[in-house]
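One structure below.
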Amino acid sequence: MALYSEVVMDHFRNPRNVGVIEDADGIGEAGNPICGDIMKIYLKIDDGIVTDVKFETFGCGSAIASSSMATEMIKGKPLADALQLTNKGVTEALEGLPAHKLHCSVLAEEAIKMAVKDYYDKNGIPYDKSDFPEPEEASCPHSSPNA
Ligand code: FES
């Protein structure tokens, strides 16, 4: 079986929603301290709906495919749905990632959450802090000194 699904390869080769939204309503960034990969998400929000979303990812192919899929999954959806997005959901939509690449999809979940939080903070909208847990120290096996 191929290491990467057709869906992963498609989103890696033709990533959707790449770029920057200059007048974004919320911006979120997540990084993996071990491999150094960084993902940035820009949200345009209108009346509680994600009307546009773009991403910039400086990272591996799985991180790019995860960002592309995650942005497609939240575009046009209510903010509450965007907050529900999990790395598991992104991975399932990608028809799987190799076990040692699962952490790459975590960046997408974290960056989206941070962008929603940024929007709430900028607009003085109250929120439940438990919806925004501190990012975990993700591990990136490729970059570990012992790999
Ligand atoms: Fe670190 Fe993919 S995010 S290798």
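Can you report the number of residues in segment 67-109 which are in contact with a strand residue (DSSP E or B) (Cβ under 9 Å, 6 or more places away or on another chain) and either within 27 Å of ILE125 (Cβ to Cβ) or among the aliphatic types (A, V, I, L, M) (or both)? Within segment 67-109, residues that are in contact with a strand residue (DSSP E or B) (Cβ under 9 Å, 6 or more places away or on another chain) and either within 27 Å of ILE125 (Cβ to Cβ) or among the aliphatic types (A, V, I, L, M) (or both) number 16. Only residues that are touching a strand residue (DSSP E or B) at 6+ places or on another chain (Cβ under 6 Å), away from the ligand (no atom under 16 Å from the Cβ) and open to solvent by less than 30 Å² (accessible area, probe 1.4 Å) were counted in segment 29-47, giving 2. Looking at ALA70, ALA108, ALA63, ALA80, just one residue is more than 14 Å from the chain's Cα centre (by Cα) and small (Gly, Ala, Ser), and that residue is ALA80.
Considering ASP37, ASP118, ASP131, which residue is touching a Gly at 6+ places or on another chain (Cβ under 7 Å) and more than 18 Å from ASP25 (Cα to Cα)?
ASP37
Is segment 36-44 home to any residue that is on the phi > 0 side of the Ramachandran plot, in contact with a Ser or Thr (Cβ under 9 Å, 6 or more places away or on another chain) and touching a residue at least 24 places away in the same chain (Cβ under 8 Å)? Yes, some residue in segment 36-44 is on the phi > 0 side of the Ramachandran plot, in contact with a Ser or Thr (Cβ under 9 Å, 6 or more places away or on another chain) and touching a residue at least 24 places away in the same chain (Cβ under 8 Å).
Screening segment 50-77 for residues that are open to solvent by 60 Å² or more (accessible area, probe 1.4 Å) and of a type outside the set (S, T, N, Q) and picking the one that is farthest from the ligand (Cβ to nearest atom) gives LYS77. Among the residues of segment 115-126, are any open to solvent by 70 Å² or more (accessible area, probe 1.4 Å), at pLDDT 95 or above and within 16 Å of the ligand (Cβ to nearest atom)? Among the residues of segment 115-126, not one is open to solvent by 70 Å² or more (accessible area, probe 1.4 Å), at pLDDT 95 or above and within 16 Å of the ligand (Cβ to nearest atom), which makes the answer no. Scanning segment 31-56 for residues that are part of a strand (DSSP E or B) and closer than 14 Å to HIS103 by Cβ gives GLY31, ILE38, MET39.
Restricting attention to segment 1-30, the residues that are part of a loop (DSSP other than H, G, I, E, B), more than 15 Å from the chain's Cα centre (by Cα) and modelled with pLDDT of 95 or more total 8. Looking only at segment 88-113, residues that are crowded, with 20+ Cβ neighbours inside 10 Å and not in a loop (DSSP other than H, G, I, E, B) come to 14 in all.
The values are calculated or read from the model by the stated rules, or taken from the named source; none is laboratory data. Here the structure is a predicted model, which is why all the values come from computation and not from measurement. Positions of Cβ are generated from backbone atoms using ideal geometry, with glycine treated the same way; all protein chains shown enter the neighbour counts. Accessible surface is based on the protein model in full, side chains and every heavy atom, while ligands, DNA and RNA are left aside. Shrake-Rupley method; radii C 1.70, N 1.55, O 1.52, S 1.80 Å.
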